[in-house]
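Heads up, the thing below is written out as structure tokens.
Since every read-out is calculated from the coordinates, none of them should be taken as a lab result. Keep in mind that what you see is a predicted model, and the values were worked out from it rather than measured. No Cβ is skipped: glycine too gets one built from the backbone with ideal geometry, and neighbour counts run over all protein chains shown.
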Amino acid sequence: MNAPALLFRLLLFPLFLAATAAPAEEATIPENFRRENLVAWCIVPFDAKQRDPEARAEMLKGLGLRRVAYDWRELHIPEFESEILACREKGIEFFAFWKGHEAAHALFARHGIKPQIWHTLQTGKGLSNKEKIASAAEALAPLATQTKEAGLALGLYNHGGWGGLPDNLVAVCKALHEKGFDNVGIVYNFHHAHPRIATYEDDLHRMKPYLLCLNLNGMADPASEDVSKSDVKVKPIGKGEHEREMIAKTIAAGYTGAVGIIGHVSTRDVAEVLRENLEGLDRILADLP
């Protein structure tokens, strides 16, 4: 080989390494943790800028997010259809909807979308846990019927207390499945699960067959911080002490379902909160084996 040809090959070699290394590096990030597959949650009432549907969809698109779970208050009811249309225009999947609402269900049918319905699991009635589980399942049967008939998944949402415990979430899911409601699953939120950090791996194993979405958060250590305080309970991903190991365990367990990030800070621009979470998650994923 002559000298010019050898020099040419030597100059090209670093470019070849970069081109071949990039896909391998990207391949280490599971599909459900890729930015375009993440679900933005708690971004409607929790936004100091109080964006309208069009601005919210534009904000999500600008961040590279393509899925949203819609949380609302009474004042947002007139905006339901505008939200659906704005998301569609910007290529945002209307992935989930908080609690359900008759006006919204009519719009789901009209626009041909099938979002998950996320609903808090309330404490069942009775003295024994068995009675509480049966009572909670019975109370949810009408909503389970409505969602199943509409082709929608119903996610039981951990919001603390009895209904936030993984064993109870799983038990109520099983009870509803036995009644024929196989559309029922679990939506599990890190920010409502600080007391379960030590048992997360076992909890995840039990919940995994029913898990519809897992919403991430920076996890403070409840042994040293007061997690009842909002600024401690909700932290950016990467700014807590335990979320890295919890995310690593989630990936190691082979969980392939939806993953969400939250904008649960009403005093800040939700775009900044989401960006902070995205950047923190990127750092954690880049650092995992």
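Could you please find all residues in the range 239-263 being farther than 22 Å from residue 224 by Cα and not hydrophobic (A, V, I, L, M, F, W, C)?
Answer for the range 239-263, where residues must be farther than 22 Å from residue 224 by Cα and not hydrophobic (A, V, I, L, M, F, W, C): 249, 250, 254, 255, 256, 257, 260, 263.
Looking at the range 170-192, which of its residues are of a type in the set (A, V, I, L, M, F, W, C), closer than 22 Å to residue 252 by Cα and surrounded by 22 or more Cβ atoms within 10 Å (Cβ to Cβ)?
Within the range 170-192, the subset of a type in the set (A, V, I, L, M, F, W, C) is 170-173, 175-176, 181, 184, 186-187, 190.
With closer than 22 Å to residue 252 by Cα added as a condition, the list becomes 170, 186-187, 190.
186, 187, 190 - these are the residues of the range 170-192 that are of a type in the set (A, V, I, L, M, F, W, C), closer than 22 Å to residue 252 by Cα and surrounded by 22 or more Cβ atoms within 10 Å (Cβ to Cβ).
Could you give every pair whose Cβ atoms fall below 7 Å, whose first residue belongs to the range 247-258 and is farther than 14 Å from residue 28 by Cα, and whose second residue is of a type outside the set (A, V, I, L, M, F, W, C), counting only separations of at least 6 or pairs across chains?
Close Cβ pairs satisfying both conditions: 249/200; 249/201; 253/205; 253/208; 255/208; 257/32; 258/32.
Exactly one of (1) within 18 Å of residue 40 (Cβ to Cβ); (2) among the aliphatic types (A, V, I, L, M); (3) touching a helix residue (DSSP H, G or I) at 6+ places or on another chain (Cβ under 6 Å) is unmet by residue 227. Its number?
Against the list (1) within 18 Å of residue 40 (Cβ to Cβ); (2) among the aliphatic types (A, V, I, L, M); (3) touching a helix residue (DSSP H, G or I) at 6+ places or on another chain (Cβ under 6 Å), residue 227 comes up short only on (1).
May I ask you to verify whether residue 137 is farther than 17 Å from residue 213 by Cα and either surrounded by 19 or more Cβ atoms within 10 Å (Cβ to Cβ) or in contact (Cβ under 8 Å) with a residue 24 or more places away in the chain (or both)?
Details: farther than 17 Å from residue 213 by Cα: yes; either surrounded by 19 or more Cβ atoms within 10 Å (Cβ to Cβ) or in contact (Cβ under 8 Å) with a residue 24 or more places away in the chain (or both): yes.
Yes, satisfied.
Counting residues that are of a type in the set (Val, Ile, Thr), which strands (runs of 3 or more DSSP E) fully inside the range 93-188 reach at least 2?
Values: elements: 93-98, 116-120, 154-157.
Strands (runs of 3 or more DSSP E) meeting the threshold: 116-120.
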